[in-house]
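Novice: I'd like to ask some things about the structure below.
Bear in mind these aren't lab numbers, they're just calculated from the coordinates by the rules spelled out. Quick caveat, the model's predicted, so the values are computed rather than measured. All Cβ positions, even for glycine, are placed from backbone atoms using ideal geometry, and neighbour counts span all protein chains on display.
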Amino acid sequence: MALTPTTRARGANARAVGAFEATAGIVPAADADWFRVPFVSHGLGEERGLIESDLLGQGREASDPTPDVATNDGDIVVPVDVRNFARFLKLFFGDPTTAGPVQLNGADVFTHVFRSGAQTLPSMSIEIGSPEVPNFSVHRGARGNQLRISMARGGLLNATCSLICIGETDPTNLTVGAANPEELATTRFPQATGYIRKDGAVLGAVVSADFTFSNNLEKVETIQPDGRIEDSDPAMATMTGSVTIKFKDRTLLNAATSSPPTPIELVFGWKVGNHELLFTVGRVFLPRAKNPIQGPGAIQASYNWQSSKPGASNTVVVTLKNDVASYA
């Protein structure tokens, strides 16, 4: 007798869509502005632990456990691309200021500028679905806590977005998000076109680099009948990172050993065609670092830097140039 084939959920067919919320934790309607979310992996999901019973006098057999509070913290890894990545920049930094278009190589180019330190930040609903089962659930009230990007000579350029969500809807066999969400073409920024500028000049001999922007979200852990958090509020915006270089000159060493410490400007950028992405950190402090010698090969030095607000500007300014007119 022939067996009925089993359709199992596969990551290749997973579906992720998102929409910004008018009220934190309230999932937008299906006719709202839902959009496709290209992603590499995700670790979102509501968890609710169990508290072991402490009852005595009931004999040696255990009594039923009690459900604990619910949490939904996790990472979603997304490609750093020309158009879609701006959705997550908006989640972490707030609405951009957009200018343009200007003509470049016969095409319209718009410039979107995101700045750290906004007093209020948006929240997002993110639906993850496995259409084979089918199974769909929405991670609601998602806010951007940490954004991490690593630079290397080659490979794929991704961003790890650490989110704090209010909760997750119960799984259903129907999509809650739009059946036909807006879909922007995914054109990745290549690692191979990345660069770092120090005080306006391209920094040479860089082996690797990474940076982490954090909103340092504080969970609003009030007493709720559903056991979930009420929301999460942004605290101090910070930017930290590291740069590893081949030790061939004193460019970074001088800034790290000066007294008093001399802040520098670092710009992390990528470019493809008419499109460009820049993270400008205007006031960076380098620690004094070792130059260990571990063999006959090249000597390397690593600097784990911190940043602060440069005068009237912002700790981090992100500039994205692409062909999308608005992210409102």
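Novice: Taking the Cα-to-Cβ direction at Thr262 and at Leu55 and moving 7 Å from each Cα, how far apart do the two end points lie in nm?
Specialist: 7.1
Novice: Next up: Say R0 is 22 Å: what FRET efficiency, to the nearest 0.05, do Ser313 and Asp199 get from their beta-carbon distance?
Specialist: Working from the Cβ atoms, E equals 0.90.
Novice: Stretch Thr172-Val272 to full length: gain in nm at 0.36 nm per residue minus the Cα-Cα span?
Specialist: Stretched out fully, the Thr172 to Val272 stretch lengthens by 32.0 nm.
Novice: Follow-up. Filter Lys248/Lys271; Lys90/Lys246; Lys246/Lys321 down to the pairs with a C-alpha to C-alpha distance above 29 Å, please.
Specialist: Over 29 Å apart, Cα to Cα: Lys90/Lys246; Lys246/Lys321.
Novice: What's the ranking of 12-25, 274-287 by average number of surrounding C-beta atoms within 10 Å, highest first?
Specialist: So the order, starting with the most tightly packed, is 274-287, 12-25.
Novice: Of Thr71, Ser116, Ser41, whose Cα points farthest to the positive end of the dipole of segment 19-116 (charges on the beta-carbon: +1 Lys, Arg; -1 Asp, Glu; origin at the Cα centre)?
Specialist: Ser116
Novice: Same structure, new question: Using label points projected 7 Å from each Cα along Cα→Cβ, tell me how many nm separate Asp210 and Phe285, to one decimal.
Specialist: Those two pseudo-labels are separated by 2.3 nm.
Novice: Compute the Cα gyration tensor for segment 57-140, then decide on rounded, prolate or oblate, letting a ≥ b ≥ c be the square roots of its eigenvalues: rounded whenever a/c is under 1.5, prolate when a/b is larger than b/c in the other cases, and oblate in all that remain.
Specialist: Verdict is prolate for segment 57-140.
Novice: At q = 0.08, 0.10 Å⁻¹, what is the base-10 log of I(q)/I(0) for the chain according to the Debye formula with one equal point scatterer per Cα and no solvent? Please give it to two decimals.
Specialist: -0.47, -0.69
Novice: Computed over the Cα atoms of segment 196-323, what is the ratio Rg over Rh, Rh following Kirkwood?
Specialist: The Rg/Rh ratio comes out at 1.10.
Novice: Taking the Cα-to-Cβ direction at Val102 and at Asn180 and moving 7 Å from each Cα, how far apart do the two end points lie in nm?
Specialist: Result for the modelled spin labels: 3.7 nm.
Novice: Let me ask another. Beta carbons within 10 angstrom, averaged per residue: use that to sort the peptides 183-191, 125-133, 258-266, highest first.
Specialist: Ranking the peptides 183-191, 125-133, 258-266 by packing returns 125-133, 183-191, 258-266.
Novice: Only loop residues by DSSP count here, and only those with at most 16 other Cβ atoms within 10 Å; note down the trypsin sites (Lys or Arg not before Pro) in segment 25-83 that meet that.
Specialist: For trypsin sites (Lys or Arg not before Pro) across segment 25-83 that sit outside H, G, I, E and B with at most 16 neighbouring Cβ atoms in 10 Å, the list reads Arg60.
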